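Comments concern the structure below.
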Amino acid sequence: MELVSLHLQNISDKLLPGTTLQSNCFYITGCLEVVRKYGRALHEIVPIFTYLNRVYITPILHSNLEDQLLNLFKMHIIDKHAERLVGAMKNARKVSFSVEPSVMAELAQALYSMKPNLRVSEADFFSHYIAQAKSSTKPMSLEEDIEATRKMQLDLQRDPNFSFTCSQKRSKEDTEIEDEECSSSLLSSLLMGSS
C-alpha cells in the first residue's frame, strides 16, 4: 500500500494543469490516461494477491484489495485533481473539439462515479455528458417536483390514448438493485478503459 501510495503521489505531482488551452488539453488527456492505466493495473494486480485478499484484508480490514487500491487512487489522484480538472474541461468545452468529445465524456463519467460531492456542485457540467446528472433532488425544489409529478399523472390519467396498469410498474427493490448494478459496472468499465 505504501508503494502504491508513493507511485500515485508521483503521478499526481506530474499532473499539473496549465494556463493555456493547449496545456489544459494535455492535462485532460493525461488525467484520462492515468484513470485508464490504473484501472487496467487494478484488474491485473488484484487476482495476483487473491490469497492475501482472502486471508488478511477481508477478515482483518473488513474490505478487499480492490476497494483499498481504489480508495488510494481516489485519495491521491481524484480528490486532488477533480475540481481543477472540471475547470479545465469547462474551458476546453468553450472551444469546440479542442479535446475529443469521447475523451471528455469518459473522463466526466469517471469523475461523476468517483467524486459524489461534485455531482451536486457541478450538475450543469455533468449534464452535458450524463443524462441523470441534473436531477432536481434538492430539498428546496422537492415541493415543486411533487406538484409537477402530480400534475403530469393527472394529465396522463385524462389522456384517452394512455393506458398503464399497476402490474407494469417496477418495484422499488428492482430499481435499487438495477441502480447498484449499473453504478458498479459503470465504475468497473470506466477503470478498464472501455466506455
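Odds and ends about this structure:
- Separation in nanometres of the label points that stand 7 Å from Cα toward Cβ, at GLU147 and LYS90: 3.0
- Segment 4-138, dipole about Cα centre (Lys/Arg Cβ +1, Asp/Glu Cβ -1), debye to the nearest 20: 240
- Within the shell defined by Cβ-Cβ distances under 15 Å, the residues around GLU66 carry a net charge of +1, with Lys and Arg each +1 and Asp and Glu each -1.
- Pair-distance profile P(r), taking every C-alpha pair of segment 1-149, with 5 angstrom steps and integer %: 1, 8, 16, 17, 16, 13, 10, 8, 6, 3, 1
- In this structure, the pairs whose alpha-carbon distance is over 23 Å, taken from LYS90/LYS134; LYS14/LYS94; LYS14/LYS134; LYS14/LYS37; LYS14/LYS74; LYS14/LYS80, are LYS14/LYS94; LYS14/LYS134.
Since every read-out is calculated from the coordinates, none of them should be taken as a lab result. Just so it is clear, the structure is predicted and the values come from calculations on it, not from any experiment. Reconstructed Cβ throughout: ideal geometry from the backbone, glycine too, with neighbour counts over all protein chains shown.
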